[in-house]
Structures are given as C-alpha cells and as structure tokens.
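Visitor: Mind looking over this structure? Questions follow.
The values are calculated or read from the model by the stated rules, or taken from the named source; none is laboratory data. Treat the numbers as computed from the prediction; the structure is a model and nothing was measured. A quick note on method: Cβ atoms are made from the backbone with ideal geometry, for glycine too, and the neighbour counts reach across all protein chains shown. In case anyone asks, the SASA skips ligands and DNA or RNA and just uses the protein heavy atoms, side chains included. Shrake-Rupley method; radii C 1.70, N 1.55, O 1.52, S 1.80 Å.
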Amino acid sequence: MNQPLVSVIIPNYNHAPYLTQRIESVLNQTYQDFEVIILDDKSTDNSRDIIEQYRNHPKVSHIIYNEENSGSTFKQWKKGIELAKGEWIWIAESDDWCEPVFLENLVSLTNKYPSAGLAYCQSLLYNEAQNTISPATSISKIEDFISKEHYLSEKLIPFCSLINASMAIFRKELYHLVSPEYKNYRLAGDWIFWAEISQQADVIISGKYHNYFRQHDIKVSMNSLKEGSNYPEELKALAYFKTHFSIPEEHYNNAIIKHYMRFKYSKFPFNPGIVEKTELLFRNSFNPEVEKKIKKETLKNRLLYRTIPKYLNLFFK
C-alpha cells in the first residue's frame, strides 16, 4: 500500500453488533486515499469473527488483537497512531458510523485551510433504546475557521464541543506535541487531547452532519453520566486547563459554576457515595466569588422548577 493521506484507526472492545456497520461506513467513503487499522482490546464477544472478514481487504493495513485488555481506549489511540502511515488521523470509534462523504468533506476543508491541524463535522445522536436520531451538536455556519489562539476559550470551555472522536480528523505530527496527560483519564482524556492538539494549529469546523454518535447501555460514557462519575474527571481537566493554558480566572470560575449546576440539577439518580465525593470536590474548587454566583444560580433554578410546573398545569387543564 502506498503512503495514504488518512489513517483510520478503529479501536474496538465488545462492539460486535456495530462493527460491520462501522467498518463498512469507513470502507465506502467517496474519498479513498486512506488505510484502516483495526485494534481489538481483547473483546469477549464475537468481534474477532467479524474483524477477520476484513483480513485481506486492500484498505486494511493492520489488525491487532491485545492479549490482555488495556483498560483504556486512549492506550489504543496511542497504539494506532504510532502504526499510522497517514498525514491525517481519524479515530473512528467502533460503535459509531458515518456518511459516505465524511472524509471528502473534511479533507477538502483542510486543503482550503492549510494551517488547520484539526477538522471536524457535526454529530447526530442515535439513541438505540428509542431508535431516534437528533442533533448532538450544531453550528450556524457551513464552515467555521478558528485560530489556535481562540479555539480553547470558544469551543472547549466550559464544555467540550468536540464530543466524539469519530467526528474529527487531526494531523499526525501534532500528536507528538501532546503531553501524556490525556492517558491519565478514563473519560475526559479526549477533552485534554483536543485541547492540546488545538494549541498547536488552527481548527476548521464543518457545519454538516456526517457523523452518527451511538448511545447504548454498554457505552462507558453513558453509564458514567448516569452514575455521576464523570464530574471528578471534568473538574480535574478544568484544573489542568487553568494551570497549563492560562485560562483567565473569571472564565475558569464560570466553567466551574456551569459544571456544578449541571451536576446539581441532573436528571440521573447518582450513586450517593459519588454525590458526596463530588460535592466535596466542587466545594474545594469554589472561591467567595463562585460561592456568591452559585447561590444566585441555585435560587433562580429553584424558582424556575417551582414555577414552571404550575404554569404547565394551568395551560394543559
């Protein structure tokens, strides 16, 4: 195989029901200058049977099975990137899928904006239990160019707008400038990863919906949201941003407040032990200015939650 422009890494663990759709959606791209690297993290389902069907496909350059589970998708990212021959990397998560024009759209934008080192499209959220598709992200422009000086503050704080690795491609050379910090996280590592990538080069965002982000019961991120274990990692990531990227104090405080209000008014019934631990972590992040704003936001939310149901009852009588 000649050196491809794009290396597509498919890291899999127990996603046999989705693997065929994922792999086929990659192989059927209208843009064909790519290689495929399939990594399996010692799956216990029949993933290997499905993967082996692609053993001799001309686009598949590597198939690697771990002898032991790595315990981290980010370790699989590293393995795949180090094997990659392409100038650009696409981490195509094994339970997602995409439109055939995904690569064509993003590669054309990187040609148009050669200073970009990160490019991504919009994602549609597929709820497997309800069999529904809805926008998970949005942008008001067909394309949006953001300089590396502004991307972190505009798109990654307070929340990461690049919500899914499958929606993005990035220059391989930038990976070597990323610190190993992202590998210390189980959930928020991608947030750290995109932040560090975006500090090295400009970012181009497509407004088109070409990625499908699947939500299902065995998804680690979904289960973490339900139990509340994502919040300690998010607080740790925000602290890392503040320390390493010189985030203004006011910007950091506002991010802490937004995360706390999301935690406080979540619809999920969190594990009591996690609630107590997370509440303490938040409290340790507060300063007097944050405390003041938290009290104001909490009062406003209490009034809304008390008032809105009354008006709804009146309206629907």
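Visitor: Assuming 0.36 nm per residue, please report the length gained on full extension of the stretch Arg55 to Lys112 beyond their Cα-Cα distance.
Guide: Result: 17.0 nm gained on full extension.
Visitor: Next up: Past 27 Å, Cα to Cα: identify those pairs from Lys85/Lys141; Lys42/Lys85; Lys183/Lys292; Lys42/Lys155, in the order given.
Guide: Lys85/Lys141; Lys183/Lys292; Lys42/Lys155
Visitor: Quick one: compute the contact order of region 1-126, relative version, from alpha carbon pairs under 8 angstrom and 6+ residues apart, as a percent.
Guide: 38 percent
Visitor: What trypsin sites (Lys or Arg not before Pro) in region 260-290 are in a loop by DSSP, with at most 16 other Cβ atoms within 10 Å of the Cβ?
Guide: For trypsin sites (Lys or Arg not before Pro) across region 260-290 that sit outside H, G, I, E and B with at most 16 neighbouring Cβ atoms in 10 Å, the list reads Lys267.
Visitor: Another question, then. If I take R0 = 25 Å and measure r between the Cβ atoms of Ala239 and Lys264 in this structure, what FRET efficiency does the formula 1/(1 + (r/R0)^6) give, to the nearest 0.05? Write out the running numbers ahead of the final one.
Guide: Numbers: r = 19 Å, r/R0 = 0.78.
For R0 = 25 Å, the calculated efficiency reads 0.80.
Visitor: Considering only DSSP states other than H, G, I, E and B, which trypsin sites (Lys or Arg not before Pro) in region 120-155 qualify as loop sites with at most 14 other Cβ atoms within 10 Å?
Guide: Working: sites: Lys141, Lys148, Lys155; in loops: Lys141, Lys148.
Here the sparse-neighbourhood loop sites are Lys141.
Visitor: Taking R0 as 51 Å, what FRET efficiency do you get between Ser147 and Asn66 from their Cβ-Cβ distance, rounded to the nearest 0.05?
Guide: Efficiency, from the Cβ-Cβ distance: 0.85.
Visitor: Using a 1.4 angstrom probe and counting only protein chains, how large is the accessible area of Glu87 in Å², to 10?
Guide: 90 Å²
Visitor: Right, another one. I'd like to know which of Asn46, Pro11, Ala237 lies farthest towards the positive end of the charge dipole of the chain, counting +1 on Cβ of Lys and Arg and -1 on Cβ of Asp and Glu.
Guide: Selected residue: Ala237.
Visitor: Right, another one. Taking all protein chains as present, what is the carbon and sulfur share of the accessible area of the chain, in % to the nearest whole number, probe 1.4 Å?
Guide: Solvent-exposed carbon and sulfur of the chain make up 53 percent of the total.
Visitor: Using θ = phi - 60° and the Karplus relation 6.51 cos²θ - 1.76 cosθ + 1.60, list the HN-Hα couplings for region 159-174 in order, rounded to whole Hz, with x at every Gly or Pro.
Guide: Going residue by residue, I get 10, 7, 7, 8, 7, 8, 4, 4, 8, 10, 10, 8, 6, 4, 4, 6 Hz, with x marking Gly and Pro.
Visitor: Using a simple charge model, +1 on the beta-carbon of Lys and Arg, -1 on the beta-carbon of Asp and Glu, nothing else, what dipole does the chain show about its Cα centre, in debye to the nearest 20? Walk me through the numbers on the way to the answer.
Guide: Numbers: 38 positive and 38 negative charges, 305 e Å.
Around 1460 debye, computed over the chain.
Visitor: Continuing with the same structure: What is the sum of charges around Val6, taking Lys and Arg as +1, Asp and Glu as -1, for the other residues whose C-beta is under 12 Å from the C-beta of Val6?
Guide: Within the 12 Å Cβ shell, the charges total 0.
Visitor: Less than 15 Å Cβ to Cβ from Pro100, Lys/Arg counted +1 and Asp/Glu -1: what total charge do the surrounding residues give?
Guide: -2
Visitor: Which value, in Å², gives the accessible area per residue of the chain when a 1.4 Å probe is used on the protein heavy atoms?
Guide: With the other protein chains kept in place, the chain gives 50 Å² per residue.
Visitor: Moving to a separate point now. By its C-alpha gyration tensor, with a ≥ b ≥ c as the square roots of the eigenvalues, how is region 50-199 shaped: rounded for a/c under 1.5, else prolate for a/b larger than b/c, else oblate?
Guide: rounded
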